[in-house]
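A short worksheet on the structure shown next.
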Amino acid sequence: MTQPIGLPAPPPIGETALKPGTFDGVAVFVTGAGTGLGKAIASEFARLGAAIVIASRKVEHLAAGREAIEALGAPVTTVVCDIREPDSVAGAFDAAEKEFGLPGVLVNNAAANFPVPAEDMSPNAWRTVVDITLNGTFFCAREFARRHFVAGTPGSIINVGATYAWTGGPGFAHSAAAKAGVKNLTESLAVEWGPYGIQVNGLVPGLFPHEDMTDAILGNLDRTSDKDGCQPALRVGQRQELGWAATFLASPYGRFISGHTLVVDGANWQRRSLTNPQVVTVRDQMGKGPFNPDA
Ligand code: NAP
């Protein structure tokens, strides 16, 4: 009898599919690259010769990102930036240009997220997540494109998404709605800016646990799944797999791919049937007790 074996493990961190030096002379601006998947994506670009610009709010995250890229021997600069603020985004691009020239690649990786039943979600929580994930992505893309328009140079944008952009995300209504916006924005911008040489794609990680995940996200994972066994691949993603996909999309070998959102999740998001596991409300999953409008 055929035994389930899952999808094979990828090659180890440090290997690359693209030619060494593929991104020599290219600056890659990655938001939120001081932690988790942003750091992993930035590292794969760095291995291929890119100079890395890390933009995010917290100095300790920027320091961690810098350390990771320096350990690879690649040029790196960090800039404090809140992507919700267009002026802050413009300042970050000024700093990047001063250091390395205009970045040729923008990875919109930064996002915010935490689980909460929709009926408990404060207007401020909704606004904050949408502001960072959707508005921040647009502000960075806009700044990048306007500078390339002026310079008359091509560029590549990768917007990091999430699979609940298609399916909805119970317990994550704010983030799911924002990521659906990011996917749609990717398609609009790819058409609008293609004539000017700007390629715009989406990149969607499935489940990629990492040490920088917030307690709220890790707690939700621990409550709701056994991680490997609930994936058709019988394993979660390894961070270099996402980085490899990002470098391919922005490489010379991916230039005719635009307006596409690539899902890297071992087909987990396509697991749907009419008899899914028993419904457990988001309140029950989170141990929230009955709804209290005064809480
Ligand atoms: P993470 O470690 O929490 O990273 C989020 C990053 O965004 C942080 O470095 C944070 O840095 C930055 N950030 C947040 N708000 C910002 C703001 N206003 N301005 C600038 N930077 C800001 O998350 P992750 O797991 O690596 O996720 C990375 C991306 O993958 C996100 O887009 C996420 O939605 C997506 N994703 C991840 C998974 C997964 O399994 N990990 C699954 C699906 C999708 P500062 O705090 O320094 O600002």
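Key figures for this structure:
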{"item": "Cα gyration tensor category, rounded, prolate or oblate, for segment 1-137 with a/c compared to 1.5", "result": "oblate"}
{"item": "Ser122-Arg57 pseudo-label distance in nm [points 7 Å out on the Cα-to-Cβ vector]", "result": "1.3"}
{"item": "Nearby lysines by direct alpha-carbon distance to Lys58 (threshold 18 angstrom, same-chain neighbours under 8 apart not counted)", "result": "Lys39"}
{"item": "Choice from Ala33, Ala68, Ala118 with maximal GNM fluctuation in the chain (Cα, 10 Å cutoff)", "result": "Ala118"}
{"item": "Those trypsin sites (Lys or Arg not before Pro) in segment 1-103 that DSSP places in a loop and that have at most 15 other beta carbons within 10 Å", "result": "Lys58"}
{"item": "Three principal axis lengths of the chain [C-alpha, angstrom, descending]", "result": "56, 56, 37"}
{"item": "Separation of alpha-carbon centers, segment 215-258 and segment 50-122, rounded to whole Å", "result": "20"}
{"item": "Rounded, prolate or oblate (a/c below 1.5 giving rounded, otherwise prolate when a/b exceeds b/c) for segment 77-165 by Cα gyration tensor", "result": "prolate"}
{"item": "GNM flexibility winner over the chain from Gly73, Gly168, Gly65 (Cα, springs under 10 Å)", "result": "Gly73"}
{"item": "Net charge dipole size for the chain [Lys, Arg +1 and Asp, Glu -1 on Cβ; Debye, nearest 20]", "result": "540"}
{"item": "Efficiency of FRET between Val191 and Lys19 - r from beta-carbon atoms, R0 30 angstrom, step 0.05", "result": "0.50"}
{"item": "Distance between modelled label sites at Phe291 and Val279, nm, 7 Å Cα→Cβ extension", "result": "1.4"}
{"item": "Dipole of the chain [Lys/Arg +1, Asp/Glu -1 at C-beta], most positive-end residue of Ala64, Gly101, Gly152", "result": "Gly152"}
{"item": "Exposed-site-free run, longest, the chain (rule: chymotrypsin sites (Phe, Trp or Tyr not before Pro); DSSP loop; at most 13 other C-beta within 10 Å)", "result": "1-255"}
{"item": "Positive-end residue, the chain charge dipole about Cα centroid, Cβ charges, pick of Pro11, Val30, Cys140", "result": "Pro11"}
{"item": "Among Ala216, Ala55, Ala96: highest mean-square fluctuation, GNM of the chain, C-alpha pairs under 10 Å", "result": "Ala216"}
{"item": "Segment 162-295 - percent relative contact order, Cα under 8 Å, separation 6 or more", "result": "30"}
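Laboratory data are not the source of any read-out in this text; all were calculated from the coordinates shown. From a predicted model like this one, the values you see are computed outputs, not experimental measurements. Reconstructed Cβ throughout: ideal geometry from the backbone, glycine too, with neighbour counts over all protein chains shown.
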